[in-house]
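The values are calculated or read from the model by the stated rules, or taken from the named source; none is laboratory data. Owing to the predicted nature of the structure, the values given are computational and were not obtained by experimental measurement. FYI the Cβ positions are ideal-geometry reconstructions off the backbone, even for glycines, and counts take in every protein chain you see. Side chains included, ligands, DNA and RNA excluded: accessible areas come from the protein's heavy atoms. Shrake-Rupley method; radii C 1.70, N 1.55, O 1.52, S 1.80 Å.
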Amino acid sequence: MPHMEAQQRAMAINRLLSMGQLDLLRSNAGLLYRIKESQNASKMKGSDNQEKLVYQIIEDAGNKGIWSRDIRYKSNLPLTEINKILKNLESKKLIKAVKSVAASKKKVYMLYNLQPDRSVTGGAWYSDQDFESEFVEVLNQQCFKFLQSKAEAARESKQNPMIQRNSSFASSHEVWKYICELGISKVELSMEDIETILNTLIYDGKVEMTIIAAKEGTVGSVDGQMKLYRAVSPLIQPTGLVRTPCGLCPVFDDCHEGGEISPSNCIYMTEWLEF
């Protein structure tokens, strides 16, 4: 706005800020202004500039949320002032605090109407920050049961070995559909969730996976590829070393004493020794 004097420009900007028509942002170069959507403008009507700034920072964080420490860093406001603003925004139901599974003693803030990201809640495997080990075990058993029944049906078909083998495979979408129809989950499971369970069966040596090319638009395919799974039975009993947790551990190379992954804090080793 080169045709306006600096004082007039400042008055116009302050007027728009007071009406909630602009977002106030900070950068290394100084203050920045951005026109605000009408819906957000009505929500923040009557709020001061500091409250609008904190709201904008939380909005930019999306459904992953942001810690109060990071809000303080981005806003350059005192912590006491930030805590006061956060409580005020929560009372207006503009934002909400969500406990993160990554740090149980810390809360992240996000807009009130957002569904928290899986990285915050832990997804289907967590309930109130507690890992649902029994639920995971039930899913593990049911997924394996479905693949076993698929393999048995293929054997009973009495067709040639190659056709039997191919028909014993099931896509992750088929397994997902079977689990959904069972109704054993209180939360909505995605195909990604089911593939996580199937991966644990692969690590246990109960299932094998193959990837095939698939036509675009085929149910269960991603980027022209489809994952297929089938239950397998070992031809011979595995050796003693392989039957230990270390024998099939996917993070074996990262395991060492004193590290984040080590024999002394390995839950699988502890359970195996107790058994």
Carbon and sulfur %, accessible surface of the stretch 109-167 computed with the full protein complex present, 1.4 Å: 48
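What's the whole-number percent of alpha carbon pairs in the stretch 148-189 lying beyond 11 angstrom? Intermediate results must be reported in sequence, preceding the final value.
Numbers: 576 of 861 pairs.
Tail fraction, whole percent: 67.
Expressed in nm to one decimal, what extension gain is obtained for the pair Met11 and Glu192 from 0.36 nm per residue of sequence separation less their Cα-Cα distance? Working shown, then result.
On the way: separation 181, 0.36 × 181 = 65.16 nm, distance 5.27 nm.
Full extension of this stretch gives 59.9 nm more.
Taking a cut-off of 17 Å, what percent of all Cα-Cα pairs in the stretch 119-211 are separated by more than that?
Here the tail beyond 17 Å accounts for 52 percent of pairs.
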Exceeding the 29 Å Cα-Cα cut-off - candidates Lys107/Lys145; Lys64/Lys92; Lys96/Lys186; Lys64/Lys87: Lys107/Lys145
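Accessible area per residue of the stretch 52-176 at 1.4 Å probe, in Å²?
Values: 7310 Å² over 125 residues.
Roughly 58 Å² per residue, with all protein chains present.
Given the stretch 81-143, report the % of alpha carbon pairs whose separation exceeds 13 Å. Intermediate values should be presented prior to the final figure.
Values: 1323 of 1953 pairs.
The answer is 68 percent, as a whole percent.
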Simple label model, 7 Å out from Cα along Cβ direction - Thr210 to Gln225, nm: 1.6
For the stretch 160-275, the fraction of alpha-carbon pairs in successive 5 Å shells from zero, as %: 2, 9, 14, 17, 16, 14, 14, 9, 4, 1, 0
